[in-house]
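Okay, so here's the structure we're looking at.
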Amino acid sequence: MSDILNKDIEAVKLLVSQFMSILKNHEHSYDITFLSVVKSITTKGGFTYYTIQDESGAERKVKCAIPSAQIKTGQSVWVKVPCGNLNKMHICGIN
């Protein structure tokens, strides 16, 4: 009986280990949208970049997806991270 209990415990440990491995390697398959504030605005190579603070507190330079938007420093904006891809983070709305 003790041998069966030990095998059950080992099976549970293996399942938990595999589950944790999957969670660590999981990529978001959904968009994340959050509010932020424009800290500064820079232009480089014909593109305008807005420095915002992401949800983790890191500053990020992002583009704006709104054509002809007039965004100013200190303005509240909605920021989207498509499918969790930080390289595609952009301003998607003005609050």
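For beta carbons closer than 8 Å, sequence separation of 6+ or different chains, a first residue in the range 77-95 that is touching a residue at least 60 places away in the same chain (Cβ under 8 Å) and a second that is of a type in the set (A, V, I, L, M) and open to solvent by 70 Å² or more (accessible area, probe 1.4 Å), the qualifying pairs are ASN95/LEU35. In the range 48-64, the qualifying residues are those that are of a type in the set (Val, Ile, Thr) and without any contact (Cβ under 8 Å) to a residue 24 or more places away in the chain, and the one that is surrounded by the most Cβ atoms within 10 Å (Cβ to Cβ) is THR51. Residue count for the range 1-16 satisfying the condition of being surrounded by 10 or more Cβ atoms within 10 Å (Cβ to Cβ) and modelled with pLDDT under 80: 1.
Residues in the range 65-87 that are closer than 14 Å to SER29 by Cα, surrounded by 14 or more Cβ atoms within 10 Å (Cβ to Cβ) and not aliphatic (A, V, I, L, M): 3 in all.
Of the residues examined, LYS39 is one that is at pLDDT 85 or above and open to solvent by 80 Å² or more (accessible area, probe 1.4 Å).
The values are calculated or read from the model by the stated rules, or taken from the named source; none is laboratory data. As the structure is a prediction and not an experimental result, all values here were calculated from the model. Glycine gets a Cβ as well: all are built from the backbone with ideal geometry, and neighbour counts include every protein chain shown. Note: areas computed on protein heavy atoms with side chains; ligands, DNA, RNA excluded. Shrake-Rupley method; radii C 1.70, N 1.55, O 1.52, S 1.80 Å.
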